[in-house]
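S.K.: Take this structure first; my questions come after.
The values are calculated or read from the model by the stated rules, or taken from the named source; none is laboratory data. These figures come from a predicted structure and were not determined experimentally. Here the Cβ positions follow ideal geometry from the backbone for every residue, glycine too, while neighbour counts run over all protein chains shown. Just the protein is used for accessible areas: all its heavy atoms, side chains included, with ligands, DNA and RNA removed. Shrake-Rupley method; radii C 1.70, N 1.55, O 1.52, S 1.80 Å.
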Amino acid sequence: MVDVGKWPIFTLLSPQEIASIRKACVFGTSANEAIYITHNDEVFVFGLNCSNCLGTGDNQSTIVPKKLEALCGKKISSLSYGSGPHVVLCTEDGEVYAWGHNGYSQLGNGTTNQGITPVQVCTNLLIKKVVEVACGSHHSMALSFDGDLYAWGYNNCGQVGSGSTANQPTPRRVSNCLQGKMVVGIACGQTSSMAVVNNGEVYGWGYNGNGQLGLGNNGNQLTPCRVAALHGVCILQIACGYAHTLALTDEGLLYAWGANTYGQLGTGNKSNQLSPVQIMMEKERVVEIAACHSAHTSAAKTQSGQVYMWGQCRGQSVIFPHLTHFACTDDVFACFATPAVMWRLLSVEHEDFLTVAESLKKEFDSPETSDLKFRVDGKYIHVHKAVLKIRCEHFRTMFQSYWNEDMKEVIEIDQFSYPVYRAFLEYLYTDSVDLPPEDAIGLLDLATSYCENRLKKLCQHIIKRGITVENAFSLLSAAVRYDAE
């Protein structure tokens, strides 16, 4: 689980408030603003409140979290922010909301008035289900479920992709070279935009002074232009830093291009790259890349779970990918990015990936995946034959001796109680025992019968630790009863 306490601003919250957080994002020019969503789907903000970016309806800073009633229960799925800052998000229902700085119409409401509270972005988006949003310094993008891309806001370098440099006051569909193509991923640099389509092609437009569009030159592009140097590879994910770009292929290869003043490309030098170059990651397959338009830091995670960082790291220029002790790319930005913002809307819940031990524990007594049932005292316990054979010599011998696919998949147990037998089977999945001393005596008898020596020691420890003046007689009686049986 990610620890939001690694971001300094969250030290303002109490342990109870921290424990309530399900999703969070730290943003702002000094990482002085934060928004978080609780397990009850309530939305809170706190911090400096530059340009009304907290959306509280006033311009007051607050170190005490304030609830955004307008967003509570909306099930926020994607969130991004600009440098003003302005904030744009979308919900699971596909609605888009925006607030904060609006000097360039980056809120998409047709005005340049600051947005003091979250307001739904309606023009051209009401009929669309938006699944992802991205913000540059002062422009915004929204990607719909059916692969259409919309952009609005500041357009001095063509970052809106409209073919001109006039600011775009409301969402406009980005077409030209993207016409007829299904966009599946988006990212924004400060004044540039990138998109990945479903066949793995990458397109870029906007400011290109450092080569961040990857086109082999440094000329700005007013409409999407394909990154031809990536022909022959299939890109799955794109990420933009302040003025550099990272791309991840379906084979786990990493490419980078653009500005390299701080070594953020990971090439081993500080020379800008106008075209994509492959970055070597110790021959490991990369599964995630991370960058943020307000920082010059890059990060990547490999298939084995190793996290690398490079670029501007706490003022130092790290020119090669550096192996860290972190468990996720988010930690890189908490501890080493300047400012210490989040590169995405962070999920504080456990990752979908589980270790083998966690997976086994989760599947104990699961009717959906089991292939064998024990019936004890009229109650069923669902297990997996393979796990039992691997973990217990008793079952390995029993199954090899007479088990076949035609045999019934329910085994009756009458010599042990339900709590005792369940605890034994659960032990095979978790390596732990949680029983009162009275039941531990029964489990000790079972462990002895099945020749489970480690389990015997665990039971003995539970019994010895649990003996008191009050229960000594009952424990002795239980032991005698089991001996008699």
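S.K.: Whether any residue in segment 389-397 is assigned to a loop (DSSP other than H, G, I, E, B) and either open to solvent by 40 Å² or more (accessible area, probe 1.4 Å) or polar (S, T, N, Q) (or both) is what I want to check.
M.R.: Within segment 389-397 (the criterion being assigned to a loop (DSSP other than H, G, I, E, B) and either open to solvent by 40 Å² or more (accessible area, probe 1.4 Å) or polar (S, T, N, Q) (or both)), the answer is no, since none of the residues qualifies.
S.K.: Something else about it: Is it true that GLN415 is out of contact with any strand residue (DSSP E or B) (no Cβ under 7 Å at 6 or more places or on another chain), open to solvent by 70 Å² or more (accessible area, probe 1.4 Å) and closer than 16 Å to ARG375 by Cβ?
M.R.: Yes.
S.K.: Moving on. Residues that are at pLDDT 95 or above, out of contact with any Gly (no Cβ under 6 Å at 6 or more places or on another chain) and within 21 Å of LEU230 (Cα to Cα): list the strands (runs of 3 or more DSSP E) wholly contained in segment 240-321 that include at least 1 such residues.
M.R.: Per the criteria, 244-249, 254-258, 273-279, 286-291, 297-302.
S.K.: Confirm whether GLY94 is assigned to a loop (DSSP other than H, G, I, E, B) and under 26 Å from the mean Cα position of the chain (by Cα).
M.R.: yes
S.K.: While we're here: Take the residues of segment 55-96 that are touching an Asp or Glu at 6+ places or on another chain (Cβ under 6 Å) and closer than 30 Å to ALA243 by Cβ: which is most open to solvent (accessible area, probe 1.4 Å)?
M.R.: So the residue we want is SER77.
Each row is one residue, and each column tells you yes or no for (1) in contact (Cβ under 8 Å) with a residue 40 or more places away in the chain; (2) aromatic (Phe, Trp, Tyr).
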{"residue": "ILE21", "(1), (2)": "yes, no"}
{"residue": "THR29", "(1), (2)": "yes, no"}
{"residue": "PHE46", "(1), (2)": "no, yes"}
{"residue": "THR56", "(1), (2)": "yes, no"}
{"residue": "THR62", "(1), (2)": "no, no"}
{"residue": "TYR81", "(1), (2)": "yes, yes"}
{"residue": "THR91", "(1), (2)": "no, no"}
{"residue": "HIS101", "(1), (2)": "yes, no"}
{"residue": "SER105", "(1), (2)": "yes, no"}
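S.K.: Then there's this: Which one of the conditions (1) open to solvent by 10 Å² or more (accessible area, probe 1.4 Å); (2) under 22 Å from the mean Cα position of the chain (by Cα) does MET194 fail to meet, given that it meets all the rest?
M.R.: All conditions are met except number (1).
S.K.: Taking the conditions exactly as written (surrounded by 24 or more Cβ atoms within 10 Å (Cβ to Cβ) and closer than 23 Å to TRP99 by Cα), does TYR242 satisfy them or not?
M.R.: Against the criterion (surrounded by 24 or more Cβ atoms within 10 Å (Cβ to Cβ) and closer than 23 Å to TRP99 by Cα), TYR242 qualifies.
S.K.: Now for a separate question. Of the numbered conditions (1) farther than 22 Å from SER105 by Cβ; (2) in contact with a strand residue (DSSP E or B) (Cβ under 9 Å, 6 or more places away or on another chain), ASN199 fails exactly one; give the number of that condition.
M.R.: Result: ASN199 passes all but (2).
S.K.: Given the criterion modelled with pLDDT of 90 or more, among the hydrophobic types (A, V, I, L, M, F, W, C), buried (at least 16 other Cβ atoms within 10 Å of the Cβ) and over 24 Å from GLY378 (Cβ atoms), identify the matching residue among LEU455, LEU446.
M.R.: That would be LEU455, the only listed residue that is modelled with pLDDT of 90 or more, among the hydrophobic types (A, V, I, L, M, F, W, C), buried (at least 16 other Cβ atoms within 10 Å of the Cβ) and over 24 Å from GLY378 (Cβ atoms).
S.K.: Consider only pairs whose beta carbons are under 6 Å apart and that are at least six residues apart or on different chains; among these, list those whose first residue lies in segment 256-273 and is touching a residue at least 60 places away in the same chain (Cβ under 8 Å) and within 11 Å of TYR242 (Cβ to Cβ) and whose second residue is assigned to a loop (DSSP other than H, G, I, E, B) and not charged (D, E, K, R).
M.R.: GLY258/ASN210; GLY258/GLY211; GLY258/GLN212; GLY258/ALA243
S.K.: Which number in (1) assigned to a strand (DSSP E or B); (2) of a type outside the set (A, V, I, L, M, F, W, C); (3) at pLDDT below 95 marks the one condition that GLU368 misses?
M.R.: (1)
S.K.: Just checking, how many residues over segment 168-191 are open to solvent by less than 10 Å² (accessible area, probe 1.4 Å) and part of a loop (DSSP other than H, G, I, E, B)?
M.R.: 2
S.K.: Test GLU438 against the stated conditions and say whether it is modelled with pLDDT of 90 or more and surrounded by 11 or more Cβ atoms within 10 Å (Cβ to Cβ).
M.R.: no
S.K.: Give me a count of the residues in segment 112-167 that are within 25 Å of TRP343 (Cβ to Cβ), open to solvent by 30 Å² or more (accessible area, probe 1.4 Å) and not in a loop (DSSP other than H, G, I, E, B).
M.R.: 2
S.K.: For segment 20-37, which positions are assigned to a strand (DSSP E or B) and open to solvent by less than 10 Å² (accessible area, probe 1.4 Å)?
M.R.: Across segment 20-37, the qualifying residues are ILE21, ALA24, CYS25, VAL26, PHE27, GLU33, ALA34, ILE35, TYR36, ILE37.
S.K.: Further question: In segment 228-286, which residues are under 20 Å from SER193 (Cβ atoms) and small (Gly, Ala, Ser)?
M.R.: Scanning segment 228-286 gives ALA228, ALA229, ALA239, GLY241, ALA243, ALA247, ALA256, GLY258, ALA259, SER275.
S.K.: Being in a strand (DSSP E or B) and either surrounded by fewer than 24 Cβ atoms within 10 Å (Cβ to Cβ) or out of contact with any helix residue (DSSP H, G or I) (no Cβ under 7 Å at 6 or more places or on another chain) (or both) is the requirement here; does GLY204 meet it?
M.R.: Yes: the conditions hold for GLY204.
S.K.: Go through (1) assigned to a strand (DSSP E or B); (2) closer than 15 Å to LEU79 by Cβ and name the single condition ASP41 misses.
M.R.: (1)
S.K.: Restricting attention to segment 217-239, and to residues there that are free of Cβ contacts under 8 Å to residues at least 24 places away in the same chain and part of a loop (DSSP other than H, G, I, E, B), which single residue is most open to solvent (accessible area, probe 1.4 Å)?
M.R.: HIS231
S.K.: Would you please list the contacts, defined by Cβ atoms under 7 Å and residues six or more apart or on different chains, that run from a residue in segment 1-16 that is part of a helix (DSSP H, G or I) to a residue that is open to solvent by 80 Å² or more (accessible area, probe 1.4 Å)?
M.R.: The qualifying pairs are GLY5/THR11; LEU12/ILE63.
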